Amino acid sequence: MQELALLLLTALANAPRHGYAIAQEVKTITDGRVAPRTGALYGALDRLLSEGLIQVEREEVVGGRARRIFALAPAGRERLQAEAERLAATAREVRRRLADGAAASA
């Protein structure tokens, strides 16, 4: 899974959000390291929608403009959980190998 997709799903894991709020949540999650540009953000959201990982919970009109509120779909929650487990397993292996390397060089 690409990093931006992972971050978008993570941003929606605990609450539905509109695009700008999702972008702000991604910045918060990454401590400012990732700040998705509008085109990349909405392109990724459209891909996640087409894959059935997120859904439009509702639409609002704010200041005369339509705003879509996105939510994590059940398939997205399952995919995010699987990705978290995969990343945790990778991190465990990294730590194990680093420890083995430190012991071998000592």
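The values are calculated or read from the model by the stated rules, or taken from the named source; none is laboratory data. These figures come from a predicted structure and were not determined experimentally. So basically every Cβ, Gly included, is an ideal-geometry build from the backbone, and we count neighbours across all protein chains shown.
Every residue in the stretch 48-88 that is in a helix (DSSP H, G or I) and not hydrophobic (A, V, I, L, M, F, W, C), please.
If the condition is that a residue be in a helix (DSSP H, G or I) and not hydrophobic (A, V, I, L, M, F, W, C), then S50, P74, G76, R77, E78, R79, Q81, E83, E85, R86 are the ones that fit.
Would you be able to say whether some residue in the stretch 27-34 is within 15 Å of G76 (Cα to Cα) and surrounded by 15 or more Cβ atoms within 10 Å (Cβ to Cβ)?
no
Please find, within the stretch 35-59, the residue that is nearest to L4 (Cα to Cα) out of those that are of a type in the set (V, I, T) and at pLDDT 95 or above.
I54
Spot the failing condition for I22; the list is (1) assigned to a loop (DSSP other than H, G, I, E, B); (2) modelled with pLDDT of 95 or more; (3) over 15 Å from R77 (Cα atoms), and only one is missed.
(1)
Among the residues of the stretch 1-19 satisfying the criterion of being part of a loop (DSSP other than H, G, I, E, B) and among the aliphatic types (A, V, I, L, M), which is nearest to Q81 (Cα to Cα)?
So the residue we want is A13.
Looking at (1) closer than 19 Å to Q81 by Cβ; (2) small (G, A, S); (3) in a loop (DSSP other than H, G, I, E, B), can you tell me which one G32 breaks?
Single failed check for G32: (1).
Of the residues in the stretch 52-69, how many are touching a residue at least 12 places away in the same chain (Cβ under 8 Å) and out of contact with any strand residue (DSSP E or B) (no Cβ under 7 Å at 6 or more places or on another chain)?
Total meeting the criteria: 2.
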